[in-house]
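Undergrad: Next up is a structure, given as structure tokens.
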Amino acid sequence: MSTTNSKKSNAPRTPQQWYLVTNHLNLLYMLAAGLVMEPSGFRGKHYVDSLGAIPGWVPFFRDAVPAKTLDEAVSERRHLRLCIVSFDLSEVSGYVQVLSREGKIRDAKFPNIRLGKEGIGILCRAPLPLTLVSRICFQSDEDRQMFETAAKDVSNVDLKPYRLEIEESLFRNMTDSVWPPVQTGKPLRRSTRQKEPDSQSGDLFDETEGMPQGLAPQVEQRLISSQALGGLLSMLYHCANRSELGVKVFQLISGSAHNTTNAFIEDPILAELPNWLSGGGVSEHSSTPAKLFWGAIDALVSAQEGNHSSQPVDAVLEYLDTQITQLDDEKYKSRLQRLVSDMRGFLSLGGGTITELFERNKGSLSRPLLLFCLREHCKDLLEFSHPLLSDAEYLLAGILFGVRDGWLRLPCGMRDQALSAYVMYRMAGVAHQKQENVISLPETPSPQPLRALFPCGAESWHKSQINAAIEIAKDSKWSDCIETVVASTDSSPLENPRHENGKFVFPGEASLTIKIRQDAFLKRLGQWPSIDGKLESKIRNDLNSARKDEIGQA
Amino acid sequence: MSVDRTRRFTLPGIQDLNKDQDEALALPLEGQHLVIGGPGTGKSVVALLRARRLAIDQKKYRVLVYNHLLNGSNRHLFGSTHTLISSTWEKWFRDMYKHIFKEAAPTIPQENPSAFRPIDWKAVEQTSDIEEGTESPLNSTHFVLIDEGQDMPPQFYDTLWQWGLRNFYVVADQNQQIYPDKCSSRQDIEKALGIWVTDTLELKKNYRNTHPIAQLAQHFYPADPASPRPELPDPKPAATSPELWKYGTTGQPTLNEIVDRILHLSDRFPNKLIGIVAPDNSVREKFYAALGKANPTLDNGKPPIQTFASGQQVSLDFGQGGIMIINAQSCKGLEFDIAILADIDQHKPKLDIHALKSRFYVMVARGREQVILLRTGEICPVVESLLPTELAILARKDQ
């Protein structure tokens, strides 16, 4: 893997501002997708802008921007508004192309580059996480308002983390540089395990070159697409609040687990998740249901990457149909036929109730796939519960739903800030890993599911955890999670109270303790919608401070 | 077991709006705008998003729709974060007329004195001039958004213009006119509001329905060039392909069995709204009675079952999942998660193939995720001849 984090890099830490020229609707799309992408990432909704100049490369300008990029960004439709997004690339390193005023390109290794007086910017490999955005600039207040209004029309753009500014001078500071860059020789290719460029070369722009050298052929890897990974991570993060298994699985795949093996996962299909995520498919000795499940996910990912017009359910059904013909084992074959038939009839006048479907189709292959048909979006799954559904089955359904919706389709309510930053980092990482790009992005820590702060089992909760749980239960009005213990102060048995105006009155002195009912609390914690965002943030801060205090005392 | 059947309003994702819809949304708030598009192209969604913007900006706006049902449906689609100010266009017009001229709008007398008296537009034209020097009752601070704008007569637009209204946002589809002789064509609206032909926006891509449903709707497309035909990919067999079921004959399910299955379908999706579209009142009542009596084992208990007859004052609840039974005449502009077209062989305008096709076109496009056609054992050759034979477009479940 060539994607590294910049903790180990020697990149200088001085903030450098680099400008991307685009229009307000492309920017909104990228904010929803979490990535600065090449036009193909926009699924047919890319408006012409500088990102299309050399597909796969993001043009960043250092100071002045070419006048033509400004005209180009609003050329497709009259309602488009210009915007310039400022990026802080100080923690990014890797191979880039340096752009000259004459539109020529040369290899360089970022950040140790010299633009010289002829250099106007760089081309960086797409995609990049939006955590690198430092501010979004508009030419006028009207343009900014139009951008904000358009953001309010959609469910998946949250502008809160971004600084919006009006900076007219930025749009006046243009150059007459050649745009788009002149591509002499062979076009820039996607995969870039390149020879070390001479970033110290005195000859900045070789007339005959301009193209990267030694391009390696693209290596086929079975890695998940970035959007599907984003959806999957997000679903496993949210589903983790339902079970201890969920917490451990999320910690395992986000690299935050103490235990780095999957030995704790009993379900044979779920146990294949780490293998599959690392691009190695499922292990050779895996069971038939495991092969079928991950094969179905592969089919779903392929259909989405190929921009097929077929519905996700149809892509999965098509795959399962093929498998039926190839299965030798009659037991699996008949089970799969029954499952496919029930999946096909999910919106038809047959099939019965969900309980009947679950009873007819048992196991961690069948039930997640049935749910895949029975509910449409990730949020629908988070709201769903059924007594027949096991924790592993629920997590596998979460994986299917996450892959189907991808990060793009998740509404703002499912994108808290820490999760968003982590997902953007991972999505960009997997995209570069697939392309074998040599690029290092600033590492973003993995968030912890809320349930991880309240571990289940024999281990008793610390006082700060109990207080936090009580605060959540009180604030969320989960009265079933709290119980009040009244005891005499001298430990003697309490006399029977008398009932007065809805109150119990105890003779003598008594103390009152509020206790949390852990099981009920954890069950509530797993329900959707999750607790209020502000409350969650406060609880996390409180528990972090308490933890630091404990460490300090120790 | 109790279950939350709330149909939650959700804004579209940025990827759900296509470039044409982006453009329709970005039109200036002021001025006269016409957006044309077939069923499912997202005209109403765009109009409601515009209304939402006006509500956020605290402008004086009103959404006008053709009937009460559509008004109720729009209220659900608008969500609850802001209040939708909307009414049926005719009631609002009559109220405005009375407010301005202190008398009722002129109407056409009917033989039966208690019958509904339609507005006499010729008389309105002669009586609705605002006297010179008097302040216009409507002005540039008012915003009117009109859904299904083809269903209002041209004089309606002329009169509003005379009353001083300048901010119009009209969405329309000429192929969905209810009474073509009393409706406005695209050209009528353009002429009344002074909109250049080139300034009218056309929405071409189907937005609401799944591809299989849109393909079936397109099969019934009445082909009027004034409204563009929605763009679709080639047909492919799909799990959600529309289905044709036969019931009530030997070897086929009975009405009661079909009704049990509809209840099972509703039980699997408690917060989806299933619309049963009947050809007439007798079929509507037949299904309402059968659903009322049915009592299959369900996970979530029996869903709410609502029905609507013309003239009914009780409004329907589009905010809850369940089953809603209505007549074909009332279904235009409505959106159901699943549409069941009951007893398709019983539709009456059999002599007018164009009208019959238009009706099927409108009915099919009501289903967002699935459309199921039901027919009784009585084969009707005219209806049969209209149905597509390709199984990828309409799967036969009655074989």
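The values are calculated or read from the model by the stated rules, or taken from the named source; none is laboratory data. Computed from a prediction, not measured in an experiment: that's the story for all the values here. Glycine gets a Cβ as well: all are built from the backbone with ideal geometry, and neighbour counts include every protein chain shown.
Undergrad: Before we move on, is A:Lys534 among the basic types (Lys, Arg) and outside any helix (DSSP H, G or I)?
TA: No; evaluated as a whole, the condition is false for this residue.
Undergrad: Scan (1) in contact with a Ser or Thr (Cβ under 8 Å, 6 or more places away or on another chain); (2) farther than 30 Å from A:Tyr394 by Cβ; (3) basic (Lys, Arg) for the single condition A:Lys503 breaks and write down its number.
TA: (1)
Undergrad: Follow-up. Looking at (1) aromatic (Phe, Trp, Tyr); (2) outside any helix (DSSP H, G or I); (3) within 14 Å of another protein chain (Cβ to nearest Cβ), which one does B:Phe318 not meet, given that it meets all the others?
TA: In the conditions (1) aromatic (Phe, Trp, Tyr); (2) outside any helix (DSSP H, G or I); (3) within 14 Å of another protein chain (Cβ to nearest Cβ), B:Phe318 misses (3) alone.
Undergrad: B:Thr83 fails exactly one of the following numbered conditions: (1) loosely packed, with under 14 Cβ neighbours inside 10 Å; (2) free of Cβ contacts under 8 Å to residues at least 24 places away in the same chain; (3) among the β-branched types (Val, Ile, Thr). What is the number of that condition?
TA: The one condition B:Thr83 does not meet is (2).
Undergrad: For the subset of the range A:463-495 comprising residues that are in a loop (DSSP other than H, G, I, E, B) and at pLDDT 90 or above, which member is surrounded by the fewest Cβ atoms within 10 Å (Cβ to Cβ)?
TA: Looking at residues that are in a loop (DSSP other than H, G, I, E, B) and at pLDDT 90 or above, I get A:Lys477.
Undergrad: For residues in the range B:256-279 being more than 11 Å from chain A (Cβ to nearest Cβ) and out of contact with any helix residue (DSSP H, G or I) (no Cβ under 7 Å at 6 or more places or on another chain), which is surrounded by the fewest Cβ atoms within 10 Å (Cβ to Cβ)?
TA: Among those residues, the one meeting the criterion is B:Gly275.
Undergrad: Moving on. For A:Ala271, which of the numbered conditions (1) within 14 Å of another protein chain (Cβ to nearest Cβ); (2) within 26 Å of A:Ser385 (Cβ to Cβ) fails to hold?
TA: Going through the list (1) within 14 Å of another protein chain (Cβ to nearest Cβ); (2) within 26 Å of A:Ser385 (Cβ to Cβ), A:Ala271 breaks only (1).
Undergrad: Still on this structure, please answer the following. Need the failing condition index for B:Ser385 against (1) of a type in the set (S, T, N, Q); (2) surrounded by fewer than 23 Cβ atoms within 10 Å (Cβ to Cβ); (3) under 22 Å from the mean Cα position of the chain (by Cα), just the number.
TA: The single condition B:Ser385 does not satisfy is (3).
Undergrad: Which one is farthest from the other protein chains (Cβ to nearest Cβ), of the residues in the range A:50-82 that are part of a strand (DSSP E or B) and of a type in the set (A, V, I, L, M)?
TA: Filtering the range A:50-82 for residues that are part of a strand (DSSP E or B) and of a type in the set (A, V, I, L, M), the one farthest from the other protein chains (Cβ to nearest Cβ) comes out as A:Val65.
Undergrad: Checking the structure you have, find out if any residue of the range B:336-353 is without any contact (Cβ under 8 Å) to a residue 60 or more places away in the chain and closer than 30 Å to B:Lys91 by Cα.
TA: The answer is yes, given that some residue of the range B:336-353 is without any contact (Cβ under 8 Å) to a residue 60 or more places away in the chain and closer than 30 Å to B:Lys91 by Cα.
Undergrad: Every residue in the range A:319-370 that is charged (D, E, K, R), within 10 Å of another protein chain (Cβ to nearest Cβ) and crowded, with 18+ Cβ neighbours inside 10 Å, please. Break it down stepwise before answering.
TA: Narrowing the range A:319-370 to residues charged (D, E, K, R): A:321, A:328-331, A:333, A:335, A:338, A:342, A:344, A:356, A:359-360, A:362, A:367.
Still in the list and also within 10 Å of another protein chain (Cβ to nearest Cβ): A:344, A:356.
Within the range A:319-370, just A:Arg344 meets the criteria.
Undergrad: On to the next question. Being loosely packed, with under 13 Cβ neighbours inside 10 Å and not in a helix (DSSP H, G or I) is the filter here, so list the residues in the range A:511-531 that pass it.
TA: A:Ser511, A:Leu512, A:Thr513, A:Pro529
Undergrad: Oh, and also: When residues of the range B:240-255 are filtered for being crowded, with 22+ Cβ neighbours inside 10 Å and either modelled with pLDDT under 70 or touching a Phe, Trp or Tyr at 6+ places or on another chain (Cβ under 9 Å) (or both), how many remain?
TA: So the count comes out to 1.
Undergrad: Take the residues in the range B:15-27 that are more than 9 Å from chain A (Cβ to nearest Cβ) and of a type outside the set (Gly, Ala, Ser); name whichever of them is nearest to A:Arg77 (Cα to Cα).
TA: So, considering only residues that are more than 9 Å from chain A (Cβ to nearest Cβ) and of a type outside the set (Gly, Ala, Ser), the one nearest to A:Arg77 (Cα to Cα) is B:Asp20.
Undergrad: For the range A:292-318: of the residues being more than 11 Å from chain B (Cβ to nearest Cβ) and charged (D, E, K, R), which is nearest to A:Arg360 (Cα to Cα)?
TA: Applying the filter and picking the extreme gives A:Asp298.
Undergrad: So A:Leu408 clears everything in (1) among the hydrophobic types (A, V, I, L, M, F, W, C); (2) within 26 Å of A:Ala33 (Cβ to Cβ); (3) away from chain B (no Cβ under 12 Å) except one condition, right? Which one?
TA: Going through (1) among the hydrophobic types (A, V, I, L, M, F, W, C); (2) within 26 Å of A:Ala33 (Cβ to Cβ); (3) away from chain B (no Cβ under 12 Å) one by one, A:Leu408 breaks only (3).
Undergrad: Pairs, please: C-beta under 8 Å, at least 6 apart or cross-chain, first residue within 25 Å of A:Gln417 (Cβ to Cβ) and at pLDDT 90 or above and in the range A:509-535, second surrounded by fewer than 13 Cβ atoms within 10 Å (Cβ to Cβ) and not basic (Lys, Arg)?
TA: Close Cβ pairs satisfying both conditions: A:Arg524/A:Asp480.
Undergrad: Looking at the range B:248-283, which of its residues are touching a Leu at 6+ places or on another chain (Cβ under 9 Å) and at positive phi?
TA: Residue satisfying the conditions is B:Gly248 alone.
Undergrad: Quick one: count up the residues across the range A:436-462 that are aliphatic (A, V, I, L, M), within 20 Å of A:Val247 (Cα to Cα) and crowded, with 17+ Cβ neighbours inside 10 Å.
TA: Qualifying residue count for the region: 3.
Undergrad: If you don't mind, there's one more thing I want to ask. Looking at the range A:150-157, is at least one residue aliphatic (A, V, I, L, M) and touching a strand residue (DSSP E or B) at 6+ places or on another chain (Cβ under 8 Å)?
TA: No - not one qualifying residue is present in the range A:150-157.
Undergrad: From the list A:His386, A:His377, pick out the single residue that is of a type outside the set (A, V, I, L, M), in contact with a Pro (Cβ under 9 Å, 6 or more places away or on another chain) and within 11 Å of chain B (Cβ to nearest Cβ).
TA: Result of the check over A:His386, A:His377: A:His377.
Undergrad: Of the residues A:Ser234, A:Ser225, A:Ser256, A:Ser278, which single one is under 25 Å from A:Ala431 (Cα atoms), modelled with pLDDT of 95 or more and under 17 Å from the mean Cα position of the chain (by Cα)?
TA: A:Ser234
Undergrad: Take the residues in the range B:1-14 that are among the hydrophobic types (A, V, I, L, M, F, W, C) and at the interface with chain A (Cβ under 8 Å from one of its Cβ atoms), then tell me which one is surrounded by the most Cβ atoms within 10 Å (Cβ to Cβ).
TA: B:Ile14
Undergrad: Select, from B:Lys350, B:Lys286, B:Lys302, the only residue that is more than 25 Å from B:Asn67 (Cα to Cα), among the basic types (Lys, Arg), surrounded by fewer than 23 Cβ atoms within 10 Å (Cβ to Cβ) and modelled with pLDDT of 95 or more. Lay out the reasoning, then the answer.
TA: Numbers: B:Lys350 fails: modelled with pLDDT of 95 or more; B:Lys286 fails: more than 25 Å from B:Asn67 (Cα to Cα).
When all the criteria are applied, what remains is B:Lys302.
Undergrad: For the range A:21-40, which residues satisfy the criterion of being away from chain B (no Cβ under 11 Å) and crowded, with 23+ Cβ neighbours inside 10 Å? It would help to see each step written out before you state the result.
TA: First pass over the range A:21-40, keeping only residues away from chain B (no Cβ under 11 Å): A:21-22, A:34-40.
Residues satisfying the conditions are A:Val21, A:Thr22, A:Gly34, A:Leu35, A:Val36, A:Met37.
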